[in-house]
1. Assess whether residue 250 counts as being surrounded by 12 or more Cβ atoms within 10 Å (Cβ to Cβ) and either under 30 Å from residue 281 (Cα atoms) or within 45 Å of the chain's Cα centre (by Cα) (or both).
2. Against the definition (in contact (Cβ under 8 Å) with a residue 12 or more places away in the chain, closer than 30 Å to residue 208 by Cβ and part of a loop (DSSP other than H, G, I, E, B)), how does residue 295 come out, yes or no?
3. Taking the stated definitions as given, is residue 326 on the phi > 0 side of the Ramachandran plot and either assigned to a loop (DSSP other than H, G, I, E, B) or out of contact with any helix residue (DSSP H, G or I) (no Cβ under 8 Å at 6 or more places or on another chain) (or both)?
4. Show the residue pairs meeting these rules: Cβ distance below 9 Å; 6+ apart or different chains; first residue within segment 190-206 and over 23 Å from residue 138 (Cα atoms) and without any contact (Cβ under 8 Å) to a residue 40 or more places away in the chain; second residue surrounded by 12 or more Cβ atoms within 10 Å (Cβ to Cβ) and acidic (Asp, Glu).
5. For segment 273-292: of the residues being in a loop (DSSP other than H, G, I, E, B) and of a type in the set (A, V, I, L, M), which is farthest from residue 259 (Cα to Cα)?
6. Would you say residue 418 is touching a residue at least 12 places away in the same chain (Cβ under 8 Å), closer than 20 Å to residue 341 by Cα and not acidic (Asp, Glu)?
7. Can you name the residue in segment 259-269 that is at pLDDT 90 or above and surrounded by fewer than 16 Cβ atoms within 10 Å (Cβ to Cβ) and, of all such residues, is nearest to residue 209 (Cα to Cα)?
8. Kindly check whether there is at least one residue in segment 416-428 that is more than 47 Å from the chain's Cα centre (by Cα) and assigned to a strand (DSSP E or B).
Amino acid sequence: MRSAKQARCPGAALLGAMELLRPGWIPRLSALLALALLPRGALGSCGTPPRLSFAELQDESKAKEEFPVGTTVTYNCRPGYQRVAGQSPTLTCEGESVWSEPKMFCQGKSCGHPRDLANGKVHITDLRFGSNITFSCDEGFRLIGPNTSLCVIDETRVTWNHELPFCEAIPCHPPPDIKNGRHSGDSNSEYTYGSTVTYSCNTVPRGTDPFSLIGEASIHCTSDKDQNGIWSGEPPQCQVVKCSNAEVENGRKLSGFGPSYSYQDAITFGCEAGYFMAGSRVIVCQANNLWSPPVPTCEKIPQSVCSAPQFPNGKMLPSKPQYVTGDGITLTCEANGVLRDGAKSMTSHCKGNNVWDPPVQTCQWVCPDLVISHGRVKSGAKPHYVVGDHVTIECYAAYTMPGEPKINCTDKFKWEPVIPECRLSVYIIIIICVIVIVAVMLIVTLVYKKIFSQKRKHVSTSPTAEYTSCKT
């Protein structure tokens, strides 16, 4: 119960409570009481509240130009925006006559996903009011309609301002027709990006010169920088091509025999003994009815000159059309090839009059060398093995062979069956294991006996006894 003195003097009770507080609180409380007693507006005021892009002041606050410290104003979301849960739509004029920092208490409404775009893509960064989306088509398709759409206000809701476009396959005009030929398409076909047509020439009656297709046989529908359909190139032409029969004096045809030649026909020439070739060995009939390169000639080899020897399946250094007396060349076989004497390479010198010394050998293909661990070739051993050779392999003593002992060098230049392996005999492995086990047991027995004998010696040895004689 309060005392009579406290009841008569409420201020005394307040002072008594303040005495219980820390000394520093008394000045603060006095200042607060003084501020509370000041007239309204004496603490300062704020100007017009800030204008927000997503919200506007309520009507009752729009007409005011001055707001005392402590005043709170309320905002409403603008059209296209909606309230954010948990965020207060208010601002307060604070003690330094500034408005509190505005929060994002309104956010844009969502226009929703505009659906997928067939044969294309929708590029989305945001779906809310004010955002922009773009459209693109896959390769071979082009966009029909706007390539962007904006989320805008439509009365009380938001929506995309453009309908979804569509992607159409890029079309090409029908492929051009050619004289004396045709293409694989037909008049009812639709040609779009990637379509291909192939041209061919018309057939002619027997005894009549045929047409040759000049150019690429196939063209395909593609597109230019403006996404318009175009064909990949000009169509080929069908025309009669005839190159005259080519003959080389002091030479002969090695391939391409025939009295008449058409487009892309080829002839290979060689020279007679004592002559060397000036020009290309191979000529091809071109669309202009001429040979390219020009027809070669076979020139007389001077007495001091040698023509390049024939050396298939190998390399010749230095490589020249002809050599003079004293020139040397090195001939090296390619991989899996050796000369007749088994060597990989040889050196020969020009002696004049197209004579090489020593005579140039040719390369022959060989099978890989035989490497047999713990075994040997029993029969058929040679420095090198060519197609058709066969050998018999046997293993050394104590080794066995799980595969076939007889193998052959095939036309694939490999051994069949595969080269067998010589493996240690099972019986030898067992004998070795037994010897190892017996040796280990002997060692263990010797170690045990040595340790046991040392223990017995230690036990049998006792301390020296001292004896004292007693005299009676």
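The values are calculated or read from the model by the stated rules, or taken from the named source; none is laboratory data. None of the values given here were measured: they were computed from a predicted structure. Every residue, glycine as well, gets a Cβ built from its backbone with ideal geometry; the counts of neighbours run over all protein chains shown.
1. Against the criterion (surrounded by 12 or more Cβ atoms within 10 Å (Cβ to Cβ) and either under 30 Å from residue 281 (Cα atoms) or within 45 Å of the chain's Cα centre (by Cα) (or both)), residue 250 qualifies.
2. The answer is yes for residue 295.
3. On the way: on the phi > 0 side of the Ramachandran plot: yes; either assigned to a loop (DSSP other than H, G, I, E, B) or out of contact with any helix residue (DSSP H, G or I) (no Cβ under 8 Å at 6 or more places or on another chain) (or both): yes.
Answer is yes for this residue.
4. From segment 190-206, the pairs are 199/216.
5. 273
6. Values: touching a residue at least 12 places away in the same chain (Cβ under 8 Å): yes; closer than 20 Å to residue 341 by Cα: no; not acidic (Asp, Glu): yes.
Taking the combined requirement at face value, the residue does not satisfy it.
7. 264
8. Yes: one or more hits.
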